[in-house]
Structure formats: C-alpha cells, structure tokens
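The values are calculated or read from the model by the stated rules, or taken from the named source; none is laboratory data. A quick note: this is a predicted structure, and the numbers were derived from the prediction, not measured. Backbone-built Cβ (ideal geometry, glycine too); neighbour counts: all protein chains shown. These accessible areas exclude ligands, DNA and RNA; they are computed on the full protein's heavy atoms, side chains included. Shrake-Rupley method; radii C 1.70, N 1.55, O 1.52, S 1.80 Å.
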Amino acid sequence: MSLSVDLPPLPIPAERVKGFLDPAEGEALARAAIATAPLGPALEIGTYCGRSALYIGTACKAAGSVLFAVDHHRGSEENQPGWEWHDASLWDAEAGAMDTLPHLRRTLRLARLEETVIPVVGRSATLARHWGRPLGLVFIDGGHGREEAHTDYRAWARHVAEGGVLAIHDVFPDPADGGRPPYEIYGLALASGLFVERGAVKSLRLLERI
Ligand code: SAH
Ligand code: MG
C-alpha cells in the first residue's frame, strides 16, 4: 500500500467545517482512501459535521469510490450540554438533542460530494450487524467511552479487506493527553496479529490488514 500518492485539492476549506480533525490527519486519511479504493469502499464511524468526510470523500471521488459516513448525529458524551466539547449551535430544541445531520448535508452540498458520501444515520453497532461488504478503509472516530470504542473495534475490524486500512483517531499513548479506549483498541488490533502499523499522524493511527 502506498501512502505517498498525490491528493486532489479540497473543494472547500476544511476550517469551514466544524470538527475535530487536524489537516495533517485529514491528508493521511485521504491518502489511505486513495490507496485502498480498489479493495472496496470506505466507511467512517463518527462523521459529526463532515470534516473527515470532506477529506476522505474528496479522495474517494477522485478514485471512483464511495464513503459510507455513519453517525446517529446525536453527539458523543463529550458533545452533550455541560461537557467540554459541547457546541450550543448544534442543539435541536424541538428534539431536545444534538443534531449534526443538517450541518453534514450542508458540507456535502458545498463540497459537491452528495454523489460520493453516503450518510448512514444510526448507531454503528446496529449497522455492523447487517454489514457484509469488505471495506478498503475503516475509520473509527465515534464514541470514546470504553464500551462504544471496543464495540466499534470488534464490529468493524473484521470488515477491513486484506491489504485494507483500519484507521483509529484519538489514540493517546500518554493518558495525560486523552482518554484510553481508542488507545486500547489500537493495542488490540496490533496484538491480534492481523494488523501492522503503517502510519501515525498526531492522534491518528493507520493499520494495514495483512
Ligand atoms: N470525524 C469527525 C468527528 C467525529 S465526533 C470529524 O472529522 O470532525 C464523534 C461522532 O461520533 C459524533 O458526531 C457522535 O454523534 C458519533 N457517535 C458516537 N457514538 C456513536 C455510535 N455508537 N454510533 C454512531 N455514531 C456515534
Ligand atoms: Mg476524533
């Protein structure tokens, strides 16, 4: 797998999309998406307003592939009112809940990615139970609680095609930098013997399914 391919330019600046992804991480994901497109579509867990989908989707479009963008759009624990990463502008008063789906749709429309990125609105574990297609790239960036992160790993790692990439965000080797579950599942993937590390950019880890 080559992670040094040229990237198509983003159709809109990533800073215009609310989100939690660093540009260097976005570019690494885009390279992985292009390199693995021949093996199957890409899928991400945790789309929020579409920043990572902008990077991965633009790469998929150039490679003639698609991205399934999975999110229930009600926010993770840390996005809820009173928590550190709450954004009050994403609150749906009638629902009494977060709603990031309209923001994602806006991102996809502005970036002309509506034919490439397929939003799947629901809980990732529920979708995984009905999923059958091998995937070129799986990006785990959903709930950071122990139960959710481990469930995402168990449910989705097995859908990565041979030669495909499992990408995990918010992997912090030093507990002082952030929560443990993404780091734990990264460790499980390496310990399984099924994945080898192919790249590390900030808190992103790229693991190839061997
Ligand atoms: N990748 C995004 C950030 C994702 S934030 C970016 O680039 O900015 C994490 C997202 O995961 C939130 O939008 C939350 O709604 C979603 N999420 C958390 N747990 C989930 C679950 N079990 N199923 C589906 N989505 C989930
Ligand atoms: Mg993240």
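Below is a table of values for the structure above.
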{"read-out": "Sole residue being away from ligand 2 (no atom under 16 Å from the Cβ) and either buried (at least 21 other Cβ atoms within 10 Å of the Cβ) or within 19 Å of Ile168 (Cα to Cα) (or both), chosen from Ala33, Ala62", "value": "Ala33"}
{"read-out": "Residues of the range 118-151 classified as touching a Gly at 6+ places or on another chain (Cβ under 7 Å), within 14 Å of ligand 2 (Cβ to nearest atom) and open to solvent by 20 Å² or more (accessible area, probe 1.4 Å), total", "value": "3"}
{"read-out": "One residue from Arg112, Arg106 being in a helix (DSSP H, G or I), open to solvent by 70 Å² or more (accessible area, probe 1.4 Å) and under 17 Å from Leu10 (Cβ atoms)", "value": "Arg106"}
{"read-out": "Strands (runs of 3 or more DSSP E) wholly inside the range 122-204 that include at least 1 residues being without any contact (Cβ under 8 Å) to a residue 60 or more places away in the chain", "value": "160-168, 195-201"}
{"read-out": "Output for the range 160-210, where each listed residue is over 16 Å from Gly46 (Cβ atoms), open to solvent by less than 40 Å² (accessible area, probe 1.4 Å) and of a type outside the set (A, V, I, L, M)", "value": "Gly163, Gly164, Gly187, Phe195, Gly199, Glu208"}
{"read-out": "Residue in the range 79-88 that is nearest to ligand 2 (Cβ to nearest atom), counting only those that are open to solvent by 40 Å² or more (accessible area, probe 1.4 Å) and within 22 Å of the chain's Cα centre (by Cα)", "value": "Trp85"}
{"read-out": "Pairs with Cβ under 6 Å, 6+ apart, first in the range 11-27 and closer than 13 Å to Leu108 by Cα, second basic (Lys, Arg) and within 9 Å of ligand 1 (Cβ to nearest atom)", "value": "Ala14/Arg51; Val17/Arg51"}
{"read-out": "Long-range neighbours under 7 Å by Cβ, at least six apart or interchain, first residue on the phi < 0 side of the Ramachandran plot within the range 42-62, second part of a helix (DSSP H, G or I) and acidic (Asp, Glu)", "value": "Ile45/Asp152; Tyr55/Glu27"}
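Per-residue answers, yes or no, for (1) within 23 Å of Leu206 (Cβ to Cβ); (2) touching a Ser or Thr at 6+ places or on another chain (Cβ under 7 Å); (3) away from ligand 1 (no atom under 12 Å from the Cβ):
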position: Arg129; (1), (2), (3): no, no, yes
position: Arg133; (1), (2), (3): yes, no, yes
position: Val138; (1), (2), (3): yes, no, yes
position: Gly142; (1), (2), (3): yes, yes, no
